[in-house]
Amino acid sequence: MNPQPDLRAQLRRGVRVIADHQAASGAYPACQEFSAYSGYCWLRDGSFVAEAMSRQGQPDSASAFHDWCDRVLADRQGQVATLVGQSRDGRVPPITDMLPTRFTLAGESGSDPWWDFQLDGYGAWLWAVHQHAARHRLPLARWQRGLQTACDYLAEFWNTPCYDWWEEHVEQRHGSTLGAIYAGLKACSSSPGLDSGRQTRAADAAARIKHTLLTAGVSPGGQLSKWIGSNEVDASLAACVVPFQVVPVGHPTAEATLAKIETDLLAGGGVHRFRADVFFGGGQWPLLTCLLGWNQARAGRAAQAAELLAWAVAQADSDGLVPEQVGAHRRHPEHQAERIAKWRPVAKPLRWSHDMNLILAAELGTTLENR
Ligand code: BGC
């Protein structure tokens, strides 16, 4: 841990960590240094990385990632048409037939076993590509087949239970998964990259997701639920406010959700994923700390946001590399050793950790272009 890092130097390091490892294909590997992640790009991680690069003066890097996603999705347009057709005929496709969670850097589905059915990454990508195109005034036609494929897939399957952001509980419908899908379909509903039929289907599905989340997806305490029917929170739920805007900043549900995340999951400056987390003993996640900070910044609580950013940045090692999680506070330390034996030390540098530092810094006014 690096107690007083220079913020700009750390941000520059983060950009290098991301840019130097971006594949020639455009894919962002999650963490080449961690055997279980090596060789793969996740749409969820990659979309947040692209958002950071888009904001921090690296638009070509973000465009190259979106080009890669477009190719990956376009290659699967026929598969999605078949799946949608089956669903409309009343048949539920097995999850082994659905699109994977992660792809090899060449854009293949890969053959290593994984918890391979998550929907949120497709929503996060739709959200990120629209953000990027609007920010840099780029024509969405460049990514049209990818947009069509992801939109068709999510408009049909948004309500299907799937693994959450952490590859857990495939039997549930998760709040933050629905939030990401909502943001993606909401962007599609007025997208110049899509025809009016798709825009309408996306708008209908987005409205239904919002209704589901704000009725069945709220706990008795007023906060969003980890999954429909649960009374727990997960730190990823903050994304339902910022950036995914299922509920606006300041809305009572938004405030209750952030407050509950702070009460249950913020400890010693950093944020845990959820109370029952045992992965590597359940440490604090810099990227989730920044997600909370992003929310606090938008809610006008800049001092709190800056504190969260300072904590996240200080988790870098002496070489400026930020891990997936850190262990000063572990919720279930008794599980740490077993995970290390199975997975080896925590993933580092995790590109998603670096990019969330970059996003929160940009949100607080520090970009690498504005010196
Ligand atoms: C996390 C995912 C993440 C992946 C790659 C997994 O351990 O659960 O959320 O996308 O690592 O970073």
Filter pass, residue 127 being out of contact with any strand residue (DSSP E or B) (no Cβ under 6 Å at 6 or more places or on another chain), aromatic (Phe, Trp, Tyr), within 13 Å of residue 44 (Cβ to Cβ) and surrounded by fewer than 18 Cβ atoms within 10 Å (Cβ to Cβ): no
Residue list for segment 40-69, filter: of a type in the set (Gly, Ala, Ser) and farther than 24 Å from residue 118 by Cα: 54, 57, 61
Helices (runs of 4 or more DSSP H) contained entirely in segment 279-371, each with at least 3 residues that are under 30 Å from residue 248 (Cα atoms): 286-298, 302-313, 351-363
Residue check for residue 85: surrounded by fewer than 24 Cβ atoms within 10 Å (Cβ to Cβ), over 20 Å from the mean Cα position of the chain (by Cα) and not aliphatic (A, V, I, L, M): yes
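Conditions tested, residue by residue: (1) open to solvent by 60 Å² or more (accessible area, probe 1.4 Å); (2) modelled with pLDDT under 95; (3) closer than 24 Å to residue 232 by Cβ.
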site: 292; (1), (2), (3): no, no, yes
site: 297; (1), (2), (3): no, no, no
site: 313; (1), (2), (3): no, no, no
site: 321; (1), (2), (3): no, no, no
site: 339; (1), (2), (3): no, yes, yes
site: 342; (1), (2), (3): yes, yes, no
Selection within segment 78-125 - more than 15 Å from residue 156 (Cα to Cα) and assigned to a helix (DSSP H, G or I): 96, 121, 124, 125
Criterion (among the polar types (S, T, N, Q), within 16 Å of the ligand (Cβ to nearest atom) and within 15 Å of residue 73 (Cα to Cα)) met by exactly one of 101, 149: 101
Extreme residue, nearest to the ligand (Cβ to nearest atom), among residues of segment 25-82 that are among the β-branched types (Val, Ile, Thr) and crowded, with 21+ Cβ neighbours inside 10 Å: 49
Residue pairs meeting the criteria (Cβ under 7 Å; at least 6 apart or on separate chains; first among the basic types (Lys, Arg), in segment 33-46; second open to solvent by less than 30 Å² (accessible area, probe 1.4 Å) and in a loop (DSSP other than H, G, I, E, B)): 44/165
Residues that are within 16 Å of the ligand (Cβ to nearest atom) and either charged (D, E, K, R) or under 17 Å from residue 206 (Cβ atoms) (or both), drawn from segment 152-173: 164, 167, 168
Residue check for residue 286: at pLDDT 95 or above, within 15 Å of the ligand (Cβ to nearest atom) and open to solvent by less than 10 Å² (accessible area, probe 1.4 Å): yes
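The values are calculated or read from the model by the stated rules, or taken from the named source; none is laboratory data. Being a predicted model, the structure only gives us computed values, none of them experimental. With ideal geometry, Cβ positions are generated from the backbone for all residues, glycine too; neighbour counts draw on all protein chains shown. Keep in mind that these areas ignore ligands, DNA and RNA; they rest on the heavy atoms of the full protein, side chains included. Shrake-Rupley method; radii C 1.70, N 1.55, O 1.52, S 1.80 Å.
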